[in-house]
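Below is one structure, written out as structure tokens; comments come after it.
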Amino acid sequence: MLWKTVSGKHFVAMVFLLIMLSGCGSFAAKDPSMTSASTADQAGCQSLFTLFSSSNNNFESIRFRPSYKYRFTLWESRYQLIENSCQIWQWGDQYSYLCNKAYPDQETAHQAYEQAQTFINQCLGEHPNGWYEKQGLLEARGEETQYLLEDQVRGFLRKQSTPGLFKDSWSVYFWVDSPSVLR
């Protein structure tokens, strides 16, 4: 089970990821000669891999309090990569963990996207276990990094333009699918 309540190590990892993905955090430059991640980074990587692992059982250990809609169910998530903006969506037997946050401009969204991408790459580099990434552009609307396991897309980090009625904004999404919805 990922966790039922926020405890010491998990709280540190959650706070680190929240700051990283919110785009509000500032990080000191790391010495390139350092080969091991800090304790906070290791805990954050473990939490990220736990999230990917929980996708194998439809996020059962982290979802609670369903809200039934017309054709789908929204579950609250015990695991919040972005504070108060992550949910688990269910369509029949398909589940997806989704976080999103809107930013006022492309530069701020890009900073959040780059910080998240750097952190996830660091985790993938330390624990490859078949995981790798593939980057691409979204037809002049943004960019996306896909995370694959054994040649199957299991999640993505996306930055894209979000058109609005009076003002456009930019959004960053982090999405992890259960195996039944692999693209």
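The values are calculated or read from the model by the stated rules, or taken from the named source; none is laboratory data. For clarity, every value in this text was computed on a predicted model and none was experimentally measured. Neighbour counts run over all protein chains shown; Cβ positions are idealised from the backbone, glycine included. We work out accessible area using only protein heavy atoms, side chains counted, and drop any ligands, DNA or RNA first. Shrake-Rupley method; radii C 1.70, N 1.55, O 1.52, S 1.80 Å.
Measuring against 25 Å, Cα to Cα, the residue pairs 69/101; 69/167; 69/159 contain 69/167; 69/159 as the ones spanning a longer distance. Summing charges over all other residues whose Cβ lies under 15 Å from the Cβ of residue 57, with Lys and Arg as +1 and Asp and Glu as -1, gives 0.
For residue 153, the accessible area of its heavy atoms, probed at 1.4 Å with every protein chain present, is near 20 square angstrom. Of the chymotrypsin sites (Phe, Trp or Tyr not before Pro) found in the stretch 97-167, those that fall in a DSSP loop while having at most 13 other beta-carbon atoms within 10 Å are 166.
Is the stretch 71-137 rounded, prolate or oblate when judged by the Cα gyration tensor, a ≥ b ≥ c being the square roots of its eigenvalues, rounded requiring a/c under 1.5 and prolate requiring a/b larger than b/c? Judged from the Cα gyration tensor, the stretch 71-137 comes out oblate (a/c at least 1.5, b/c at or above a/b). The solvent-accessible area of residue 101, taken with every protein chain present and a 1.4 Å probe, is close to 70 Å². Among residues other than residue 168 with Cβ under 15 Å from its Cβ, the summed charge is +1 (Lys and Arg +1, Asp and Glu -1).
At the residue level, residue 73 shows approximately 20 square angstrom of accessible surface with a 1.4 angstrom probe and all protein chains present. Other residues whose C-beta falls under 13 angstrom from the C-beta of residue 133 contribute a net charge of 0, scoring Lys and Arg +1 and Asp and Glu -1. Loop-located GluC sites (Glu not before Pro) in the stretch 89-156 (DSSP state other than H, G, I, E, B) with a sparse environment of at most 13 neighbouring Cβ atoms within 10 Å: 139, 150. Converting phi to 3J(HN,Hα) with the Karplus coefficients 6.51, -1.76 and 1.60 and the offset θ = phi - 60°, the stretch 55-69 yields 5, 5, 10, 6, 6, 3, 6, 10, 9, 7, 6, x, 10, 7, 10 Hz in sequence order, with x at every glycine or proline. Extension gain for the segment residue 161 to residue 72, taken as residue separation times 0.36 nm less the Cα-Cα distance, is 29.5 nm to one decimal. Taking 14 Å as the straight-line reach from the Cα of residue 134, the aspartates and glutamates in range (excluding those fewer than 8 positions away in the same chain) are 143, 144, 150, 151.
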